[in-house]
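Novice: Right, I'll just put the structure down here and ask away after.
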Amino acid sequence: QVQLVESGGGLVQAGGSLRLSCAASGRTFSRYAMGWFRQAPGKEREFVAAINWTGGSTYYADSVKGRFTISRDNAKNTMYLQMNSLKPEDTAVYYCAADVGYGLKMTLASYDYWGQGTQVTVSS
């Protein structure tokens, strides 16, 4: 089992940057596929980015491709989401997720473990 804690959210102007972190407990972090999701007010939770357990493969939603970068440091049990060129439509609560397995996972149902979320607000 793994516990996830997100941090790094906040208020930023459009065009700015933020870096989210997801710290995981447990000694088998490197065996988990990881992902980022987000949920805006009144909308369903949606996929943002995914990374496999080595960090060698990544996948992004079209809405963030070229602006966001997902990465992980297995030695630190931490995953990151670097967000650049932020837009007001990126405003949401961002969640990290984990699931045992090697490959990329892009659906909510693929993940067994979730963090509590961190708020990202982008002002225009």
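The values are calculated or read from the model by the stated rules, or taken from the named source; none is laboratory data. Here the structure is a predicted model, which is why all the values come from computation and not from measurement. Glycine also receives a Cβ, built like all others from the backbone with ideal geometry; neighbour counts cover every protein chain displayed. Ligands, DNA and RNA are stripped out before the accessible areas are found, and what is left, the full protein with its side chains, is counted by its heavy atoms. Shrake-Rupley method; radii C 1.70, N 1.55, O 1.52, S 1.80 Å.
Novice: Any chance you could count how many residues in the stretch 31-42 are open to solvent by 50 Å² or more (accessible area, probe 1.4 Å) and over 22 Å from residue 92 (Cβ atoms)?
Specialist: Pass one, the stretch 31-42, residues open to solvent by 50 Å² or more (accessible area, probe 1.4 Å): 31, 39, 41-42.
From what's left, over 22 Å from residue 92 (Cβ atoms): 31.
Selection size over the stretch 31-42: 1.
Novice: Let me ask another. Taking the stretch 1-43 only, how many residues are in contact with a Phe, Trp or Tyr (Cβ under 8 Å, 6 or more places away or on another chain), within 24 Å of residue 54 (Cβ to Cβ) and among the charged types (D, E, K, R)?
Specialist: Within the stretch 1-43, residues that are in contact with a Phe, Trp or Tyr (Cβ under 8 Å, 6 or more places away or on another chain), within 24 Å of residue 54 (Cβ to Cβ) and among the charged types (D, E, K, R) number 3.
Novice: Considering the stretch 12-30 alone, what residues qualify as being polar (S, T, N, Q) and open to solvent by less than 40 Å² (accessible area, probe 1.4 Å)?
Specialist: Step one: of the stretch 12-30, the residues polar (S, T, N, Q) are 13, 17, 21, 25, 28, 30.
Answer for the stretch 12-30, where residues must be polar (S, T, N, Q) and open to solvent by less than 40 Å² (accessible area, probe 1.4 Å): just 21.
Novice: Could you list, in sequence order, the residues of the stretch 48-57 that are surrounded by 16 or more Cβ atoms within 10 Å (Cβ to Cβ) and farther than 12 Å from residue 96 by Cβ? Before you say what the answer is, go through the steps one by one.
Specialist: Initial filter on the stretch 48-57 (surrounded by 16 or more Cβ atoms within 10 Å (Cβ to Cβ)): 48-53.
Hits for the stretch 48-57 are 52, 53.
Novice: Take the stretch 11-29 and flag every residue that is modelled with pLDDT under 95 and under 11 Å from the mean Cα position of the chain (by Cα).
Specialist: none
Novice: What's the number of the condition residue 86 fails, among (1) closer than 17 Å to residue 21 by Cβ; (2) assigned to a strand (DSSP E or B); (3) among the aliphatic types (A, V, I, L, M)?
Specialist: Evaluating residue 86 over (1) closer than 17 Å to residue 21 by Cβ; (2) assigned to a strand (DSSP E or B); (3) among the aliphatic types (A, V, I, L, M) leaves (2) as the failure.
Novice: For the stretch 58-68, which residues satisfy the criterion of being within 19 Å of residue 45 (Cα to Cα) and assigned to a strand (DSSP E or B)? Give the steps one after another, and end with the answer.
Specialist: Start the filter on the stretch 58-68 by keeping residues that are within 19 Å of residue 45 (Cα to Cα), which leaves 59-65, 68.
If the condition is that a residue be within 19 Å of residue 45 (Cα to Cα) and assigned to a strand (DSSP E or B), then 59, 60, 68 are the ones that fit.
Novice: Now a separate question. Which of the residues belonging to the stretch 1-18 are farther than 15 Å from residue 117 by Cβ and part of a strand (DSSP E or B)? First the steps, then the outcome.
Specialist: Residues of the stretch 1-18 that are farther than 15 Å from residue 117 by Cβ, as a first pass: 1-2, 11-17.
Matches in the stretch 1-18: 11, 12, 13.
Novice: Filter the stretch 83-124 for residues that are surrounded by 15 or more Cβ atoms within 10 Å (Cβ to Cβ), polar (S, T, N, Q) and under 13 Å from the mean Cα position of the chain (by Cα) and give the result.
Specialist: Within the stretch 83-124, 118 is the sole residue that qualifies.
Novice: Go through (1) touching a Lys or Arg at 6+ places or on another chain (Cβ under 8 Å); (2) surrounded by 15 or more Cβ atoms within 10 Å (Cβ to Cβ); (3) within 30 Å of residue 124 (Cα to Cα) and name the single condition residue 9 misses.
Specialist: Unmet for residue 9, out of (1) touching a Lys or Arg at 6+ places or on another chain (Cβ under 8 Å); (2) surrounded by 15 or more Cβ atoms within 10 Å (Cβ to Cβ); (3) within 30 Å of residue 124 (Cα to Cα): (1).
Novice: I'm told residue 21 meets every condition in (1) without any contact (Cβ under 8 Å) to a residue 40 or more places away in the chain; (2) polar (S, T, N, Q); (3) in a strand (DSSP E or B) except one. Can you identify the failing condition by its number?
Specialist: Status for residue 21: all satisfied but (1).
Novice: Being at pLDDT below 95, under 21 Å from residue 28 (Cα atoms) and either among the hydrophobic types (A, V, I, L, M, F, W, C) or surrounded by 13 or more Cβ atoms within 10 Å (Cβ to Cβ) (or both), is that true of even one residue in the stretch 61-72?
Specialist: Within the stretch 61-72, not a single residue is at pLDDT below 95, under 21 Å from residue 28 (Cα atoms) and either among the hydrophobic types (A, V, I, L, M, F, W, C) or surrounded by 13 or more Cβ atoms within 10 Å (Cβ to Cβ) (or both).
Novice: I want to confirm something. Restricting to the stretch 30-57 and keeping residues that are closer than 24 Å to residue 124 by Cβ and not in a loop (DSSP other than H, G, I, E, B), which single residue is nearest to the chain's Cα centre (by Cα)?
Specialist: Initially, the stretch 30-57 is screened for residues closer than 24 Å to residue 124 by Cβ, giving 36-46, 48-49.
Add one more test, that the residue is not in a loop (DSSP other than H, G, I, E, B), and what stays is 36-39, 46, 48-49.
On the way: 36: 2, 37: 6, 38: 8, 39: 12, 46: 11, 48: 7, 49: 6 Å.
Restricting to residues being closer than 24 Å to residue 124 by Cβ and not in a loop (DSSP other than H, G, I, E, B), the top hit is 36.
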